[in-house]
Ligand code: ADP
Ligand code: MG
Ligand code: MG
C-alpha cells in the first residue's frame, strides 16, 4: 500500500518534495537527536490527491489513526483525555518555503471536557483556557472560514473591560468568558457548535491545511515566485509544547547569523509567556535573545549549542522557531534562512573561512542578481526613515522624488529638472512617457510580472509594485496608506526597489562601495560596506578563476570603454557607430544621402572621414591591447533624415504663406520616397551598406586609418569589423570584398600591415540557418540576440513589451520576457545550431553574443552550456556576467 504518513523519525532533510520543507527539517532535527516534540507528517502526495479528487486518498484516515495511536503511546497521553489530554498542532509546509502563506492550527484536541483536565494537570487554569480560546479562533478562521476580526473584536473588548492593553493581564476568568463568546461566534456564523470530538477536529484541520494550498494569497505568492501550482503542501501533526505556561515559558525565533548584514553572532526575538505566532504578530514587544540569557541561562546555552550544531550540519545560515515550556527547550522548526544580497556574500565568505564549504560552493551560494543589487546606490542604512508601506521588489535601486499621479505631470516636472516618482494603481502603455521621465515607479497593484514591473526592469527604472496597503486616488492626486499616512501630489517619497519598501520623505542615498571596489578604487574606509566589499572581491576572484567564457562590454564611447575595462571587460563585443552620425553630423549625412552628384557626395564624405577616424582612435586607445568589435552602420536610413511630419508642415506652411521653399519640397519628396512602414525590417544594416556603399567604405577606411595611426605610435589597437543584419552569405561577401580592398589601400598608403578580422552579426533566422555558408566568409560570429529574438518571434520589442507582455506573463505563455532572458528552446536553439554549424565550417571561428542577454544570469549559463567564446553586455553588467560565467562552471 502507498504510504502517505511518515513519523518524524522516518525522514530527512532530503525529503522536501514528499514531506515539505518543514516536515523534512523536523525529521532531520529528530534524526540529529535534537529536542523536537514527536509527531508525524502527511505527505504532499496526499495533498495533491485530495486537491485533484476532492477527497482524501483511501487509507489516509487509517494511517493517520495508526500514527496517532503510536504518538499517544509514546507521549503517554490521549487526544481528548478528560484528565491529561494530548494536544497537537496541525501545520502546513510546502516543498518550497512560502512563509506565512498557508495555515496552521494549534492546540487541536481541546474540548469543553479536556480543557478542565489540562487545567488540573498543568495547575494553571489561565493557561488551559487561553489555549482553548486560541484553538477556537484558529480553527474558526482556518477551518470554518470565519473572519479573524470577529474574534479579535471580542478580545479587544475584553482587554478594554479590564482596562489593559496587554494580553497577559487577562486572567483565567477572562479566558473562560472569551471561550464562551468565541463558541457563540462559531455557532452564529456556522449554525453548528464548535466540534467537541478531538479526532474530528484533527481531520478537519488536516483538510483545511490541504485547502490552504489554494487560498488566494498563496496562489498569488506562487505566481510571483514562479512556484508550480501542483506541488501541494505537506501537513505536520506535532505534539504541542507550551510557551504560554507562565513566565518560565516562552517562544521565539532566531537566526544563526544576522540575515541582514551577514554579521556573525545569533539574532532573534523572544517572547515570554506566549504561544506560536504571538512573536510574528507583534502583540507585545519582544525581547532580544541576550535577555533570554538573563531569564533562563540553561535554555539559552542549550539553544546556542543547538544553533551552532545546525549551522555546522546545514553548512549555512539557519533560522529556527523554538519554544520553552517551564524551562525545557523545544525545537519547532528550522530551515536554511533567507538573507539579503550583502549577507549572502558575507556569509559565503565566512563559511569558507570556517572550513564548512569550499570556494566552489561559496560561488554557488551567491547570484548575479544579488551582485547587481549591491551595485545600485542604496539608502543610507544609518539614516532615519519612516516606513509607510511595503510591496514587491520589482526592479532594484533606491529612488527619491516627488509623487506624481499621472504621466503628464511626471514628464512636466522632470523637464523642469525635478526628480519624480510616478505613483499609479497600475500602469498601462499610456504611462510609458511618465515611466521614462520618472526616477522610480510605485504601484498599488500587480506583482513582478505586472506592466509596471516588466517595463521598469526593461528600462532599468527602480520600481515597487503591489503595495496593497496603498490606496491611490488619481483624481484627488494623492494616496493614503491603511495606517493613515496621506501623501499628496508633490510630497517627496523614497522607494527601495530591492526590498519593496516605501518611505515618507527623502532618505539619503549612498553610492555603492561595491561598484567603486570593482572599479579597482578600493575606498580606504568603506565603513559598514567593508565586509561586503571584501566578500564580493574575493568571490569575483574565484569566479574569474573558474570561468571559461570571456566577458566583453557593449560600449560606444571612450568613457564607456574605460569604465567597462575597469569593471573587468576583456574587450568590446559591440561598438555601435550610429550615434557618431547624429547631432551636428546628421546634416552631413543628410547631404550624403541626398547627394545628386559625385562631387556633392565626395564633399560630404571628406567631411565625415576625419571625424570618424578620431572616434575610432579614441575608443581603440581606451581598449588598447583588447579586441574592439565595431559594428558598421545599422539603423534605418530615415533616422538620419529630417522628420517627415515636421518637414511636411514646413513645406505646407511655406506654400500657404506664398513663399514656396523649393529646396524643402525636394527634400520632402526624397524623405517620402525613403519613408518606411516597418523600418525595423526595412533598409538597414548590410542592406543600406550595399545600396550606399560609400557609407561602409567610409567607416572601414576610418577604422583602418585609425589603426594604422595608433600602430605607428606604438599602440596595440585590435579592431574587428562587424557587418550587421546579414541574412545571406552573398551580402557579407560583397561587403568583405569592398572592405579588404580598402584595408589594402590603407596598408599600402601607410606602410603598416593591417590584419583586421571581418565577421558578422547573426541576428536573423535565415542567417542562423545558413551559418555554415556564412562562416566561410566570416572570421567571427556575434549573435545579436535582441534582433534575433524579435525576428524569431516576429514581434517588435518597442511595440509589444508594454502592450501584451504582461498578459503573456500572467497567462504563463512565457515565464520571463524573452528580451530579459534568452528563450532557450526557440531563440537559443537557433543560436546553438548556428554556433555548432559555424564551428564545423571554420574551426577557429570566434563566437560571441552581444544582445542584452549577455548580462542576464540564466542566459550566461545557457551560453556557457553551448560553449560560446564570450558574452558581451553593458559595462555595468560586466561583473554580473563574470560572476555568473564562473558559477556556470562550478
Ligand atoms: P508558519 O509556517 O507560518 O511559521 P508554523 O506551522 O511554523 O507556521 O506554526 C505557527 C506557529 O506556531 C509558529 O510560531 C510555531 O513555532 C508554533 N507552533 C507550531 N507547532 C507547535 C507546537 N507543536 N507547539 C508549540 N508551538 C507550535
Ligand atoms: Mg513556522
Ligand atoms: Mg541588431
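Between residue 120 and residue 304, what FRET efficiency follows from the Cβ-Cβ distance if R0 is 22 Å, with the result rounded to 0.05?
Details: r = 36 Å, r/R0 = 1.62.
Once the sixth-power term is evaluated, E becomes 0.05.
Want the number for residue 594 to residue 83: 0.36 nm per residue separation, take away the alpha-carbon distance, what's left? Please list the in-between numbers first.
Details: separation 511, 0.36 × 511 = 183.96 nm, distance 10.09 nm.
Contour length minus Cα-Cα distance gives 173.9 nm.
So for 402, 22, 839, fewest C-beta neighbours within 10 Å to most, what's the order?
On the way: 402 22, 22 27, 839 19.
Listed from fewest to most nearby Cβ atoms, that is 839, 402, 22.
Run the quick spin-label model on residue 793 and residue 354: label points 7 Å from Cα toward the beta carbon, then report their separation in nm to one decimal.
4.3 nm
Which FRET efficiency value, to the nearest 0.05, do you get for residue 149 and residue 419 by plugging their Cβ-Cβ distance into 1/(1 + (r/R0)^6) with R0 = 30 Å? Before the final figure, lay out the partial values.
Details: r = 40 Å, r/R0 = 1.34.
That pair, residue 149 with residue 419, gives E of 0.15.
With runs of 4+ DSSP H residues as the only contributors, calculate the mean residue ellipticity of the chain at 222 nm using -39,500 (n - 2.57) per run, divided by the residue total and rounded to the nearest 500. Please list the in-between numbers first.
Details: 36 runs with 412 residues, N = 890.
The per-residue figure over the chain is -14000 deg cm²/dmol.
Run the simple label-point estimate for residue 713 and residue 675 please: 7 Å along Cα→C-beta, distance reported in nm.
4.6 nm
When the Cα centres of segment 26-44 and segment 757-818 are compared, how far apart do they sit, in Å?
Distance between centres, Cα-based: 50 Å.
Using only alpha carbon pairs under 8 Å that are at least six residues apart, calculate the relative contact order of segment 250-336 and give it in whole percent. Present the calculation step by step, with values, prior to reporting the outcome.
Details: 141 pairs, mean separation 26.0, N = 87.
The value is 30 percent.
If R0 is 35 Å, what FRET efficiency do you get for residue 187 and residue 284 from their C-beta distance, rounded to 0.05?
Details: r = 31 Å, r/R0 = 0.87.
After rounding to 0.05, the efficiency reads 0.70.
Quick one: length gained pulling residue 197 to residue 750 fully straight, 0.36 nm per residue minus the C-alpha distance?
On the way: separation 553, 0.36 × 553 = 199.08 nm, distance 9.89 nm.
Here the segment from residue 197 to residue 750 would lengthen by 189.2 nm.
Note down the nm distance, to one decimal, between modelled labels 7 Å out along Cα→Cβ at residue 165 and at residue 738.
7.9 nm
Once the piece of chain linking residue 606 and residue 216 is laid out straight, how much longer is it, given 0.36 nm per residue of separation minus the C-alpha distance between them? Walk me through the intermediate numbers first.
On the way: separation 390, 0.36 × 390 = 140.40 nm, distance 6.78 nm.
Contour length minus Cα-Cα distance gives 133.6 nm.
Tell me whether segment 103-176 comes out rounded, prolate or oblate; compute the Cα gyration tensor, take square roots of the eigenvalues as a ≥ b ≥ c, and use a/c under 1.5 as the rounded threshold. Could you put the intermediate results ahead of the total?
Details: a/c = 2.41, a/b = 1.03, b/c = 2.34.
Oblate, because a/c is 1.5 or more while a/b does not exceed b/c.
Normalising by the residue count of the chain, find the relative contact order in percent from Cα pairs under 8 Å and 6+ residues apart.
Values: 1785 pairs, mean separation 78.3, N = 890.
RCO, the chain: 9 percent.
Bear in mind these aren't lab numbers, they're just calculated from the coordinates by the rules spelled out. Since we're looking at a predicted model, the values are computed, not measured. Cβ atoms come from the backbone with ideal geometry, glycine included; neighbour counts cover every protein chain shown.
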